[in-house]
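Worksheet: the structure to be examined is printed underneath.
Each value in this text was obtained by applying a stated rule to the coordinates, not by laboratory testing. From a predicted model like this one, the values you see are computed outputs, not experimental measurements. A quick note on method: Cβ atoms are made from the backbone with ideal geometry, for glycine too, and the neighbour counts reach across all protein chains shown.
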Amino acid sequence: MNTILDYIAWRGDLSFEASPINEVDCLIFCQLSYLDFSSIVSSSFNKQMRLKDAAAMFENAPDFEQRKKNSETMGKDNFPFLKEVAATDRFGDVLVSGFTSNTDDVAEKQFAAVTFEFAKNNAFIAFRGTDGTIVGWKEDFNMAFMSPVPAQKDATAYLAASANADKKRKLIVGGHSKGGNLAIYSSVFCDEKTQKQITAVLNFDGPGFEQNILQSAEFTKMLPKLQTYLPQSSVVGILFNHREECTEIKSSESMGIFQHDPFTWSVKGRAFEKVEGLTNDSKFIDSTLKDWLEQLDNKQREMFVDTLFEVLYATEARSLSDLSDNWLKKSSAVIKALARIDPGTRNAVLKIFKLLLSSAKQNMPALSEINDDFKKKWNL
């Protein structure tokens, strides 16, 4: 099965003038947004540099090892990907600008974005998805009861600024994971002048929205330009609701959460390999979570999320990799944090968790289909 890496090797010698941008190129730009370009790529949209020069500076930076760690996604090193992409004729001369990254524990915000000018008067704005920081995941969970979250506000401002930097430029806006959600939100709620510059908005396995946003006049107006891509066993992208067109993609991974990794998505020529609908396990998770959330009001959702992350912060971890280090010590901190929670809150959270289990039981027919699929796959 071919992936974006095979696509780069096959298509890397063709410029965007020779072969116009496609959905696979867009995903590549989104993946590049995870790279830590701080102090390499200017925050100004008027100071551009070639991607191959940015890659060289990244490799020769005195803090190279830390940059590599900061740029990891799902535990994978993204630097070899950057180096391979930047070495091609197709991407090497792409002009990069407007890099911004802002993580704020107090505001519970994790935001980053970068602009790629891939052809004259044509640019791709890439919003970074959730990185490995705990606060980044906290902001994702906050979407269950808060709108807009801080990153959505920043994304809207960033999109307007990038558009204003060159008002003749046509824009494609996109992102992977939370970045896809930010791409849609910012495009829906930016000003009309900016919207006229936008030709397409691509969400790669990013969460959807609550119904009040989906049914708004603003969303309806932008709907023809919105497109979401989901791996066949999506877990992240099915969160909340989607009204825009959704396309399912074949993945090399069997377990849903690992399909969130763009490097597992199947590529055929200049497009993704499509499948008919989501798998039963993805449908089960989707229906269970939606049933559960419908039973909770915003105050209950907020209490559940805050309590969950209060326990995680008690471990003094600030990233997912921190949580995996010295797990025995972290487990002890979790137990102590649970004991410190006042009985009323603890009981309320337990009731909410029981509702989740109840929602899962109600969707047991779908679960039995998952078991059947599993048995067939492994000849059990």
For R50, residues with placed amide H under 5 Å, excluding near neighbours
V96
The stretch 9-77 versus the stretch 200-270: alpha-carbon centroid distance in Å:
23 Å
Whose amide H sits under 5 Å from the amide H of T3, counting only residues 5 or more places off or on another chain, with H placed in the peptide plane?
V267
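So if we plug the beta-carbon distance of K221 and N60 into 1/(1 + (r/R0)^6) with R0 = 51 Å, what FRET efficiency do we get, rounded to 0.05?
Working: r = 46 Å, r/R0 = 0.90.
Once rounded, the FRET efficiency stands at 0.65.
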Subtracting the Cα-Cα distance from 0.36 nm times the residue separation, let me have the gained length for A87 to D297 in nm, one decimal.
70.5 nm
Treating the beta-carbon of each Lys and Arg as +1 and of each Asp and Glu as -1, no other charges, what is the dipole magnitude of the stretch 46-105 about its Cα centre, to the nearest 20 debye?
180 debye
If the cut-off is 16 Å between C-alpha atoms, which lysines fall inside it for K221, apart from same-chain ones fewer than 8 positions away?
K193, K196
Given contacts defined as C-alpha pairs under 8 Å and at least six residues apart, what's the relative contact order of the stretch 4-278, whole-number percent?
16 percent
Could you work out the helix-only [θ] at 222 nm for the chain, with each DSSP H run of four or more residues adding -39,500 (n - 2.57) and the total divided by the number of residues, to the nearest 500 deg cm²/dmol?
-14500 deg cm²/dmol
Interchain or long-range residues, amide H under 5 Å from K170's placed H
N122, A123
From the list (i) 149; (ii) 129; (iii) 208, can you say which value of volume of the Cα convex hull per residue in Å³ was derived from the structure given?
(i)
Simple spin-label model, 7 Å along Cα-to-Cβ: A165 to S147 in nm?
3.0 nm
